[in-house]
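To keep things clear, I will list the structure first and then write my remarks on it.
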Amino acid sequence: MILILSDNTDPQGAEYVQLMETLAGLPNIKTRAHRIQGTERSVTEVYLLGDTKALAVDDMKSLPCVERVIRVSEEFRVLGRHKDDNRPTHFDYQGLRFGQDTLHVFAGLCAVDTPEHVESMMRALRDNGQVCTRMGAYKPRTSAYSFQGRGQECLPYVFDLAGKYGIKVIAMEITHEVHIEEINEATAVGWSGER
C-alpha cells in the first residue's frame with residue numbers, strides 16, 4: 001500500500017510524527033518513506049510493506065497528512081494507468097490542454113543560430129496556426145566540436161520573437177541547473193508568453 005502525503009508535508013512536523021508513530025504500531029507492517037523535493041513543492045510517499053490486506057483504505061486515508069491511498073494489488077505502474085485510476089490524464093498550460101486527447105506539434109530549430117532564422121521559424125509557425133515551438137538554445141551534441149546553440153545570448157530574442165508571433169509554449173533542452181536561472185532571468189524581462 002502506498003500513502004501519498006499532502007504537498008510539502010514537514011518530516012519534522014507533528015502530523016508526520018503522529019502518522020509514523022501510528023504506522024509503527026501496525027502489526028506485520030514495515031514502512032519506508034520516500035521524499036521528492038522539487039523546485040516549488042515536495043511530495044512524500046510512505047510505502048507500507050507486509051500484510052496490508054487487512055488495512056482499510058478509508059482508515060489509512062483518515063490518518064494525519066495523508067492525501068491519497070493506493071492499494072497495490074498488482075504491480076504498481078509509475079507510467080500508465082490501472083483500470084479504475086481516476087487521476088487526470090491532462091494538464092492545462094497557457095490556455096492549451098496537453099493530454100491524450102490533444103496533439104501539439106513542437107516544430108522549431110534544432111539549434112538556435114541567428115535571430116533571422118528564429119524569426120523566420122516563428123513567422124512560419126504563426127502562419128500555419130501553430131502556437132508551440134522548440135528552440136535548441138542549449139543543444140547537447142555527441143561531438144564537442146558540433147554547433148551547440150547560442151545559449152543565454154539568444155534567449156532575449158527567442159522570447160521576444162515568440163511574443164511577437166503569438167507563440168505560447170517553447171520547449172528547449174537544458175543540461176545544467178544554471179540554464180533554468182538564465183531562462184528565468186530572460187523571461188522576467190518581458191516575454192508575453194510563459195516558460
Which order do I70, I174 take by accessible area at a 1.4 Å probe, largest first?
I174, I70
Gain in length, A124 to T89, computed as 0.36 nm per residue apart minus the alpha-carbon separation, to one decimal in nm?
9.5 nm
Across the stretch 60-69, in residue order, what do the Karplus-derived ³J(HN,Hα) couplings come to in whole Hz, using 6.51 cos²θ - 1.76 cosθ + 1.60 with θ = phi - 60° and x for Gly and Pro?
5, 5, 7, 6, x, 6, 8, 8, 8, 10
Taking a straight Cα-to-Cα line shorter than 18 Å from K164, and setting aside same-chain aspartates and glutamates fewer than 8 residues away, one finds E116, E119, D127, E194
³J(HN,Hα), Karplus 6.51/-1.76/1.60, whole Hz, each residue of the stretch 11-23, x for Gly, Pro
x, 9, x, 4, 5, 5, 4, 4, 4, 5, 5, 5, 5
Once phi for every residue in the stretch 114-129 is put through the Karplus expression 6.51 cos²θ - 1.76 cosθ + 1.60 (θ = phi - 60°), the whole-Hz ³J(HN,Hα) values, with Gly and Pro written as x, are 10, x, 5, 5, 4, 5, 4, 5, 4, 4, 4, 4, 4, 5, 10, x
Starting from the Cα-Cα distance between Q12 and T31, subtract it from 0.36 nm times their residue separation and give me the gain in nm to one decimal.
5.2 nm
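The values are calculated or read from the model by the stated rules, or taken from the named source; none is laboratory data. From a predicted model like this one, the values you see are computed outputs, not experimental measurements. These area figures cover heavy atoms from the full protein model, side chains too; ligands, DNA and RNA do not enter into them. Shrake-Rupley method; radii C 1.70, N 1.55, O 1.52, S 1.80 Å.
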